[in-house]
Amino acid sequence: MEDEMQDTGQIRLILELPADPALLQAYRSALDERRERLDATLDRLKQRVNERLQQGGISYEFGDLPSLDFTFRPGPDFPGADLPPVLPERLVFGIIVDGREKAAAFIASARRLSGVAVGTDVAILGFNSWCPGRVSPSFFGTRGQADRLIEASVLMATSPPMQGQGVNLIVVDEGFSEGRLRLRHPGFAFGGGWLVKQPGHPLRLPGAPADPDSHGTMVARNILAVAPRVRLFDFPLLPDRITDVLQYMLWAQAQLNIVLASIAAWRALHLVRGPWVLCNAWGIYDRRLEFVPGDYTDNAKHPYNLRVTDADAKSIDQVYAAGNCGQFCPNMRCGPADHGPGQSIFGANSHPRVLTVGAVRADGLWLGYSSQGPGQADFLSLAPAGASAVEKPDLCAPSHFVEDGDAHFVSTGTSAACGIAAGTVAALRTSAAVNGAAATPAALRAALRAGARMPPTAPGPWNFRHGYGILDLRRTLTNILGVP
């Protein structure tokens, strides 16, 4: 599909507009009737969009219209079954423009308008990784060793234990298998999730991916290993990896809008209480698929990156994987210029308002496929005061290990490390004392960075491989609470 677009000169863009009643109605009608191929409805929608854009001279066609294609399905541990409908405050349009020059002109024109966000659409994939033939033995350690590396036992030593109870965590990935997770965590709390309907793909249901050992299941397994009592929500955004199909930022944009609208509605109704955490173990491998270079990967004003900033302001903790394009063992999907220091952490994964996680072995040795910082320069304005570079990754967590007594369940890539870090955030948010001392996402990120343990031979206080060091829960809790 990408080769075809390059040959024809068609450029995929994301357009985001405020959802006023008239535009919302036109959008919903287009969604319903497009399935019956009624082009007249799309023409009326385009007229509404053009009224908002006040533009002329640049023709475009609609691609996908995804914002309202997500329906929430409550799980057994969702507090309340009669849910009011949740509509996003902003609508997302996939549009196609002929040629880079017209695409750049469209973006420049639209960004001058109040309330309009626009940017390129780019391919994304989950950050699972494997380096066949480059390491021997293939795995380094077990879950028990990974837990000891990060001092996970300290979470059970508090009173009450910090296990994620009362915290809500959304896994944005391929989808996780509720049944598979219950094999290892029989009593885990499943809050439900969103149905994802995309053209050309089977309907994806929360908690039931096509592959029960999906990438999302692996990520969720690592979350529950640290925070076994967290309430998990499933957003099966990415296609199943067995199909080897690309996904696009357009759908991630719509997903984030729906999540923010849902959380706001449930908070207002006092329906779902407690903190919220988003786990995103996916990102960009190859910038050649970004047809307006840097428009998402190095642009804080891209629509998705703007919503990441909004989520942080709404006190939602966000955790992203650094990526698997480290200089010594980059994933085969990494672009030829997209690996190594400063060239492998992009877009939202480079955003200063998220916790970005690299990977080390269970014995603490840095993994050569873990993407390296610093992050992209345009995000520096959002970095903590005094920063001279976008210091990504923030820290590292263990990966490349198997479960104790069961080598069938493997954890690889910065995705596994991202799951452990997201579980850590959920576990820490269990504590009223932690929430008092580190109430905002920024404060908790700072505490985790300050508590990270730098390997003795690594330069500090920050370096482009380890960030501020390896996740250390004992040091972090000592710093936050002021007691050993």
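The values are calculated or read from the model by the stated rules, or taken from the named source; none is laboratory data. The model shown is predicted, which means the values in this text are computed figures rather than measured ones. We place every Cβ from the backbone using ideal geometry, glycine too, and count neighbours over all the protein chains shown.
Assorted remarks:
- Condition check for PRO398 on (1) touching a Lys or Arg at 6+ places or on another chain (Cβ under 8 Å); (2) farther than 30 Å from PRO160 by Cβ: one failure, at (2).
- Qualifying helices (runs of 4 or more DSSP H) (wholly inside the range 1-63; at least 1 residues being modelled with pLDDT of 75 or more): 21-34, 39-53
- Matching residues in the range 140-190 - criterion: being buried (at least 19 other Cβ atoms within 10 Å of the Cβ), polar (S, T, N, Q) and in a strand (DSSP E or B): ASN168
- Annotation: GLY191 fulfils all but one of (1) more than 25 Å from SER67 (Cβ to Cβ); (2) touching a Pro at 6+ places or on another chain (Cβ under 8 Å); (3) not β-branched (Val, Ile, Thr); the unmet one is (1).
- Identity of the residue in the range 255-285, at pLDDT below 95 and touching a Pro at 6+ places or on another chain (Cβ under 7 Å), that ends up farthest from MET332 (Cα to Cα): LEU271
- The listed residues are GLY423, GLY419, and the only one of them that is crowded, with 24+ Cβ neighbours inside 10 Å, in contact with a strand residue (DSSP E or B) (Cβ under 7 Å, 6 or more places away or on another chain), assigned by TED's automatic domain parsing to the domain that holds GLY294 and at pLDDT 95 or above turns out to be GLY419.
- One residue stands out in the range 76-122 among those that are at pLDDT below 85 and either of a type in the set (A, V, I, L, M, F, W, C) or part of a strand (DSSP E or B) (or both): the one that is farthest from GLN25 (Cα to Cα), namely ALA81.
- Pick from the range 281-315, criterion in a loop (DSSP other than H, G, I, E, B) and of a type in the set (Gly, Ala, Ser), ranking: surrounded by the fewest Cβ atoms within 10 Å (Cβ to Cβ): SER315
- Close pairs (7 angstrom Cβ cut-off, 6 or more residues apart or separate chains): assigned by TED's automatic domain parsing to the domain that holds VAL230 and touching a residue at least 24 places away in the same chain (Cβ under 8 Å) in the range 142-165, among the basic types (Lys, Arg) and in a loop (DSSP other than H, G, I, E, B) anywhere: GLN163/ARG229; GLY164/ARG229; GLN165/ARG229
So that you can scan it fast, the table gives a plain yes or no per residue for (1) in contact with a strand residue (DSSP E or B) (Cβ under 7 Å, 6 or more places away or on another chain); (2) under 17 Å from GLY467 (Cα atoms):
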position	(1), (2)
ARG307	no, no
PRO330	no, no
GLY342	no, yes
PHE346	yes, yes
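- Test result for ARG148, modelled with pLDDT of 95 or more and farther than 30 Å from LEU256 by Cα: yes
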